[in-house]
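Bear in mind these aren't lab numbers, they're just calculated from the coordinates by the rules spelled out. What you are looking at is a predicted structure, and each value in this text was computed from that prediction instead of being measured. Cβ atoms come from the backbone with ideal geometry, glycine included; neighbour counts cover every protein chain shown.
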Amino acid sequence: MGLSKLNYLYRTLVLAHASHPHHQGKLPDATAQTTLHNPTCGDTINLAVRIDDDKISDLKFTGSGCTISQASASMMGDVLIGKSVSDAQQLIQAFSNLVIGQKISAQAQEQLQDAAILGSVAQFPARIKCAALAWHAAQAILKEN
């Protein structure tokens, strides 16, 4: 795919998820929740997760922040809901590796769905924390379960 097409796809996906985020809202029956802040640009994510039988049955987020952090949280919900805790942890690690510029498998890229496009933030170190904030929140929750 040409660079201009890739840039267009990135902008389109990020803006779509930021403008109409999936999984945004409160989760009254959450089994775990956490709040993380990115002091660099002021992003805040409140993440609530429901885990049933070692599987993420639901996930919701609230908070505020830049377009990248909000889009990434939306994409993360699409990826993690329905996954076992173990599979979710592996995908979180794959995403973390991707946004710092490390290669990940084609299978992991496919499993990351729209979130795989955020690998391009590796070129902009100041944006890595924005993209990774929600994923770090999920990682913190899953370590406890």
Note to self: Taking the Cα centre as origin and putting +1 on Lys and Arg beta-carbons and -1 on Asp and Glu beta-carbons, what dipole magnitude results for the chain, to the nearest 20 debye?
What the structure shows: 500
Margin query: Taking 10 °C and 1.306 mPa s as the conditions, I'd like the Stokes-Einstein D for the range 19-82 in µm²/s, using the Kirkwood hydrodynamic radius from alpha carbon pairs.
Written below: 133
Check: Where does each of 66-73, 28-35 land if you order them by average Cβ count within 10 Å, highest first?
Finding: 66-73, 28-35
Check: By what distance, in whole Å, do the Cα atoms of the range 2-144 stretch along each of the three principal axes, largest value first?
Finding: 44, 32, 24
Notebook entry, point to check: When the helices in the chain are scored as -39500 (n - 2.57) per DSSP H run of 4 or longer and the sum is shared across all residues, what 222 nm value do you end up with, to the nearest 500 deg cm²/dmol?
Noted result: -16000 deg cm²/dmol
Margin query: Can you compute the equivalent ellipsoid semi-axes for the range 64-125, i.e. the square root of 5 times each eigenvalue of the Cα gyration tensor, sorted largest first and rounded to whole Å?
Written below: 18, 15, 9
Note to self: I need the trypsin sites (Lys or Arg not before Pro) found in the range 53-120, filtered to DSSP loop residues with at most 13 other beta carbons within 10 Å of theirs.
What the structure shows: K103
Next item on the list: Evaluate E = 1/(1 + (r/R0)^6) for D29 and N97, where r is the Cβ-Cβ distance and R0 equals 35 Å; express this FRET efficiency to the nearest 0.05.
Entry: 0.60
